[in-house]
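To start, the structure itself, in structure tokens.
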């Protein structure tokens, strides 16, 4: 009897243990069978890397990129965006070397850069314009007469024009020419207007868009070139930063006609660029460039926002909206 009792007592734990093991096995099986939720194509992960976007590059695009980042962070405060300016050349170098996620580029890519994996998405448009100081003694006459493309070529490329009298002005004062010292999309684009490269530009080399504008502003006999956002004041929309756009006499008739007088305010100028009244180059598209496509979901989300909601800040910031065709092409690159 005792043995039977012992036998009965010993079987109960085995039955209880078997049931427990069965339940565990069932739960494990169910967990493996449960469907995994599918992530949105623009899902943002939780890693530190996915939450940070690093950007560097063109001075031309820097002001708008800063505005975009500020507005985007209102929607996605969990994402940190670091932006620095340093020229288009730096933007390309940084993104291709993996230092940044996005390079700001204000020129067309070279075949060599494309081969290295540079992946461009156009995000807005602007232009480069010749500039003189607001204190130039020839300001009113130059605004009325303009300067022909050939004359600009002889100032910036061949160096044949060395004084203002050679432009038909009653003066033998020297022309002080300024250019960019850094690898710059503005310089490359301005040189492209004459069928040349940045290294073909003549003049005293100055670093950065702000530096070049300041050099011209301080020199009444100076001439240079700038992206339009460094010429026009963001509040007044007028060229009140100490540098004035130098009109181009597009039809070579020795005067600025009504349809060539497009420089008085940034709104008029950007409309003229959008309508094709200003040559391209020096009008050009501005790009976000990544390396080998877009793998970081935060970067993908940011660029998608820039090409959609972010476009409403473009005109306000003094840039030109892309055509819907180009915006759609950029969005397709994100898929």
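The values are calculated or read from the model by the stated rules, or taken from the named source; none is laboratory data. Quantities reported herein were computed from a predicted structural model and do not represent experimental measurements. We place every Cβ from the backbone using ideal geometry, glycine too, and count neighbours over all the protein chains shown.
Scanning the stretch 138-167 for residues that are surrounded by 15 or more Cβ atoms within 10 Å (Cβ to Cβ), under 20 Å from residue 251 (Cβ atoms), out of contact with any strand residue (DSSP E or B) (no Cβ under 9 Å at 6 or more places or on another chain) and in contact (Cβ under 8 Å) with a residue 40 or more places away in the chain gives 145, 153. Every test in (1) free of Cβ contacts under 8 Å to residues at least 60 places away in the same chain; (2) exposed (fewer than 15 other Cβ atoms within 10 Å of the Cβ); (3) in a loop (DSSP other than H, G, I, E, B) is passed by residue 252 save one, and that test is (1).
Entry remark, the stretch 255-264: residues being at pLDDT 95 or above and not in a helix (DSSP H, G or I) number 6 in total. Just for the stretch 216-229: of the residues that are buried (at least 24 other Cβ atoms within 10 Å of the Cβ) and touching a helix residue (DSSP H, G or I) at 6+ places or on another chain (Cβ under 7 Å), which one is farthest from residue 318 (Cα to Cα)? Here the residue is 223.
Considering only the stretch 87-121, state which residues are at positive phi and either at pLDDT below 95 or surrounded by fewer than 24 Cβ atoms within 10 Å (Cβ to Cβ) (or both).
Initially, the stretch 87-121 is screened for residues at positive phi, giving 87, 98, 117.
Residues satisfying the conditions are 98, 117.
Specify the residue that is surrounded by the most Cβ atoms within 10 Å (Cβ to Cβ); the eligible residues are those in the stretch 281-315 that are assigned to a loop (DSSP other than H, G, I, E, B) and without any contact (Cβ under 8 Å) to a residue 40 or more places away in the chain. For the stretch 281-315, the residue satisfying everything is 308.
Of all the listed residues (205, 186, 213, 191), the sole one being surrounded by fewer than 21 Cβ atoms within 10 Å (Cβ to Cβ) and outside any loop (DSSP other than H, G, I, E, B) is 205.
Among the residues of the stretch 294-314, just one is modelled with pLDDT under 95 and touching a helix residue (DSSP H, G or I) at 6+ places or on another chain (Cβ under 8 Å), namely 294.
Restricted to helices (runs of 4 or more DSSP H) entirely inside the stretch 66-173, those with at least 3 residues that are over 17 Å from the mean Cα position of the chain (by Cα) and outside the structural domain of residue 277 (by TED's automatic domain parsing) are 111-115.
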